[in-house]
Amino acid sequence: MAIMRAMKLAGSELMFGKGCLEHVKTIKGTRAMIVMSGGSLARNGILDKVCGYLKEAGLVSEVFQGVEPDPSFATVMQGAKAMLEFEPDVIVALGGGSAMDAAKGMWIYYEHPELTSLADIMAPNPFPPLRTKARMVCIPSTSGTASEVSRSIVITDEHKVKHGIGNMEMMPDIAICDPEVTASMPKKITAETGMDALTHAVEAYVSRRANYVSDTLAAQAVRDVFEYLPKAYEEGENLDYREKMQNASMVAGLAFTNVSLGIVHSIAHTLGSYFGLAHGLADAVVLPYIISYNSADPEAARRYGELAALAGKTDFAAAVRELNQRLGIPASIAELVPDQAAYEAVLAPMAEMALADGCTKTNPIIPDASGFAELFQRIYKG
Ligand SMILES: [Fe+2]
């Protein structure tokens with residue numbers, strides 16, 4: 001099968017492994033704006049290290065702190081304004097998916113102050129060119145979203161609707177994946193972001209655009225997540241396990257950003273918009289149900305069988321359920337959204353939102369709106 005869309009595997013520099021944070025010393029530029037969420041990376045000394053390395057590289061830096069989980073467009077505009085004042089030629093996103101997505105968003109509006117709304121960068125509008133003012137460096141502190149090697153961001157608008165926006169222009173120039181930066185992740189975040197990484201790999205592996213290269217990356221990620229996520233969850237201080245998960249997340253990211261995802265993500269985005277469920281947690285709960293659903297497609301079923309073998313199992317949906325259980329992740333949405341009446345009242349609009357999600361079109365089987373409504377019911381009751 002010929003590839004009809006060029007693969008892009010990371011930006012210009014991809015660093016990974018213990019100690020690679022030092023690569024920050026080699027960054028070229030004069031002014032760096034560091035974008036981050038809360039204070040944990042400031043408290044544990046990682047921010048000081050990054051600032052010290054930037055100084056060694058001859059850059060002055062300023063910190064934009066306070067990116068919230070599920071970053072809003074308002075935060076993106078606030079950061080862009082801070083950048084317009086500071087005029088960085090390097091943007092350093094330091095944190096999890098929220099910090100990285102927000103920083104990538106700020107970058108767009110910093111480069112193009114004439115753009116003022118989220119709609120300005122979404123279809124049918126053309127995506128604007130970047131890198132006239134700054135280059136993007138991502139340093140992930142979680143092992144899951146893979147925003148450091150992805151073309152996409154998820155930004156929440158003023159109506160609490162999450163918008164996934166993707167364009168290769170947003171692929172970060174430099175990704176620095178040092179497991180030490182992820183070492184302080186709490187257990188719950190380790191579990192949820194790790195299951196996001198697994199979902200990326202699984203959805204890429206059965207994507208309608210899957211190819212030889214993405215299969216190679218996704219398969220290794222699946223193998224490593226099954227082996228090392230429970231270990232990283234149990235022994236978070238072990239940097240070897242953190243490194244395996246950081247690398248698995250990164251290669252799963254390289255796969256999915258090229259061949260896209262499937263309806264686990266469509267449903268998780270929707271549940272995030274309607275009920276504020278954390279992304280990785282929603283993915284984890286929904287994934288085994290969609291494996292069963294997609295298995296009606298013989299090619300998808302065959303591929304899940306391959307993944308099950310990599311995990312040392314025969315039934316892949318059961319293997320994912322078992323992994324969830326080990327990580328303390330619930331088996332159904334009812335455990336996360338106890339108000340059943342409120343959930344059932346929005347089945348129709350949720351089905352419409354999931355159907356319209358950009359991840360739906362590469363799923364092995366594409367449900368219609370009533371099919372989605374049925375799936376939303378199935379994942380609720382378990
Ligand atoms: Fe994801």
Could you please tell me which pairs satisfy a Cβ distance under 6 Å, a separation of 6+ or placement on different chains, a first residue in the stretch 358-382 that is closer than 14 Å to V286 by Cα, and a second residue that is of a type in the set (K, R) and modelled with pLDDT of 95 or more?
none
Inspect the stretch 273-290 for any residue being in contact with a strand residue (DSSP E or B) (Cβ under 9 Å, 6 or more places away or on another chain) and small (G, A, S) and give the result as yes or no.
yes
Identify the single condition in (1) under 16 Å from P69 (Cβ atoms); (2) at pLDDT below 95 that A123 does not satisfy, given that it satisfies every other one.
(1)
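If I filter the stretch 31-55 down to residues being assigned to a loop (DSSP other than H, G, I, E, B) and touching a residue at least 60 places away in the same chain (Cβ under 8 Å), which single residue comes out as farthest from the chain's Cα centre (by Cα)? Walk me through it before giving the result.
Initial filter on the stretch 31-55 (assigned to a loop (DSSP other than H, G, I, E, B)): 36-39, 44-45.
Applying the additional criterion that residues be touching a residue at least 60 places away in the same chain (Cβ under 8 Å) yields 36-37, 44.
Numbers: M36: 16, S37: 16, N44: 23 Å.
That would be N44.
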Looking only at the stretch 242-251, decide whether some residue is under 19 Å from L307 (Cβ atoms) and either more than 15 Å from the ligand (Cβ to nearest atom) or basic (K, R) (or both).
yes
Would you pick out the residues in the stretch 260-272 that are crowded, with 24+ Cβ neighbours inside 10 Å, assigned to a helix (DSSP H, G or I) and either more than 9 Å from the ligand (Cβ to nearest atom) or on the phi > 0 side of the Ramachandran plot (or both)?
I263, S266, I267, T270, L271
Quick one: which helices (runs of 4 or more DSSP H) sit completely within the stretch 278-354 and have at least 2 residues that are of a type in the set (D, E, K, R) and touching a residue at least 12 places away in the same chain (Cβ under 8 Å)?
298-310, 316-326
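Of the residues in the stretch 64-87, how many are in a loop (DSSP other than H, G, I, E, B) and either under 25 Å from the mean Cα position of the chain (by Cα) or of a type in the set (G, A, S) (or both)? Spell out how you get there, then give the answer.
In the first step, residues of the stretch 64-87 are kept if they are in a loop (DSSP other than H, G, I, E, B); the result is 65-71, 87.
Those still in the list that are either under 25 Å from the mean Cα position of the chain (by Cα) or of a type in the set (G, A, S) (or both) too: 65-71.
Qualifying residue count for the region: 7.
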For the stretch 131-151, name all the residues that are away from the ligand (no atom under 16 Å from the Cβ), within 21 Å of the chain's Cα centre (by Cα) and either at positive phi or aliphatic (A, V, I, L, M) (or both).
M136, V137, I139
Does the stretch 152-164 contain any residue that is farther than 17 Å from A255 by Cβ, more than 16 Å from the ligand (Cβ to nearest atom) and free of Cβ contacts under 8 Å to residues at least 60 places away in the same chain?
yes
Which condition breaks for G236 when tested against (1) part of a helix (DSSP H, G or I); (2) away from the ligand (no atom under 16 Å from the Cβ); (3) of a type in the set (G, A, S)?
(1)
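Report, by residue number, each residue of the stretch 199-233 that is among the aliphatic types (A, V, I, L, M), closer than 18 Å to G144 by Cα and within 16 Å of the ligand (Cβ to nearest atom). Spell out the reasoning first.
Of the residues in the stretch 199-233, the ones among the aliphatic types (A, V, I, L, M) are 201-202, 204, 206, 210, 213, 217-219, 221-222, 225, 229, 232.
Checking the rest, the ones that are also closer than 18 Å to G144 by Cα come to 201-202, 204, 217-219, 221-222, 225, 229, 232.
Selection gives A201, V202, A204, L217, A218, A221, V222, V225, L229.
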Evaluation of S61 against (1) closer than 17 Å to A103 by Cβ; (2) within 23 Å of the chain's Cα centre (by Cα) (one fails), failing number
(2)
When residues of the stretch 9-40 are limited to those that are farther than 30 Å from V213 by Cβ and touching a strand residue (DSSP E or B) at 6+ places or on another chain (Cβ under 6 Å), the one surrounded by the most Cβ atoms within 10 Å (Cβ to Cβ):
V35
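The values are calculated or read from the model by the stated rules, or taken from the named source; none is laboratory data. None of the values given here were measured: they were computed from a predicted structure. Cβ coordinates were reconstructed from backbone atoms using ideal geometry, including for glycine residues, and neighbour counts include every protein chain displayed.
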